[in-house]
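Everything below concerns the one structure shown next.
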Amino acid sequence: MITILEHNYPNVVEDIVANHLRVQPSDEELYTSAVQCVHNAFDVASDYCNRVLIPSTASMTIGVEDGVAQLPTAPISEVISVKANGVDVEYRLIGNDKTAYITELPAGVTSIEVVAKVGYSKDIPGAIYRAVALIAGTFFEFRSDNLSGTITSELPMSAKSLLNAYRSYPYGL
């Protein structure tokens, strides 16, 4: 189970608003609406990929098998703490932007609690950026239908194609 403790939308939100939605901060109300559309697009992309894409601090409880725990979200930029039964344990983090593991856990540990910084904090992959821009454009175009932040139509096929490489399987974060 993952609990998001802190959530920070990346700096590219303003870039997508200005360059793709073509809205400037001087258009106050429209700009606020455009920013919200980009935030919603990041949330939808994260849901579609079954992983946390935006910089966040998350708490996770993970099962351990043979001293190894696969983290249900990647990328991981920093592990803040790893505990077993409320006690800090020694570990090793290995992985990349698609898969991360905590290894070298003590014998007999069956589950761990991890607090980590997750998501793309610096360089968001181009495919994710373009997919979010496409989704945000759809939301912005039909913003009267999406005022609550809910999806009223299918995700654009082009956005799905761009995000498929970042999808985490199996589902169920």
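LEU5's amide H: which non-local residues (gap 5+, or another chain) put their own amide H closer than 5 Å, with H modeled 1.01 Å from N in plane and none for Pro or chain starts?
Placed amide hydrogens put THR57, ALA58, SER59 under 5 Å from LEU5.
Just the accessible area per residue of region 42-106, please: how many Å² with a 1.4 Å probe?
Using a 1.4 Å probe on heavy atoms only, each residue of region 42-106 averages 47 Å².
Pull up the cross-link candidates among the lysines for LYS83, meaning alpha carbon to alpha carbon under 21 Å and not fewer than 8 places away within one chain.
Here the lysines satisfying the reach criterion relative to LYS83 are LYS117.
Give me log10 I(q)/I(0) at q = 0.15, 0.29 Å⁻¹ for region 54-110, Debye formula, one equal scatterer per alpha-carbon, no solvent.
With one equal scatterer per Cα and no solvent, log10 I(q)/I(0) is -0.40, -1.44.
What is the distance in Å between the Cα centres of region 42-83 and region 1-38?
23
For region 1-114, with all protein chains present and a 1.4 Å probe, just round the carbon and sulfur fraction of the accessible area to a whole percent.
Taking all protein chains in place, region 1-114 shows 46 percent carbon and sulfur surface.
In the chain, which whole DSSP H runs stretch at least 20 Å along their own axis (Cα) and average 1.0 or higher on the Kyte-Doolittle scale?
In the chain, the long hydrophobic H runs are 126-141.
Mind checking the full-extension length gain between ILE80 and ARG143? Use 0.36 nm per residue of separation minus the Cα-Cα distance, one decimal, nm.
18.9 nm
Treating cross-link reach as a plain straight distance, find the lysines whose alpha-carbon is under 21 Å from the alpha-carbon of LYS122, omitting any fewer than eight places away in the same chain.
LYS98
Set the Förster radius R0 to 35 Å, insert the Cβ-Cβ distance between THR32 and MET1 as r into 1/(1 + (r/R0)^6), and round the FRET efficiency to 0.05.
The formula returns an efficiency of 0.60 here.
The values are calculated or read from the model by the stated rules, or taken from the named source; none is laboratory data. Worth saying up front: this structure is predicted, and the values here are computed from it rather than measured. Neighbour counts are summed over all protein chains in view; Cβ atoms, including those assigned to glycine, are modelled from backbone coordinates with ideal geometry. Quick note on the areas: whole protein, heavy atoms, side chains included, nothing else; ligands and nucleic acids left out. Shrake-Rupley method; radii C 1.70, N 1.55, O 1.52, S 1.80 Å.
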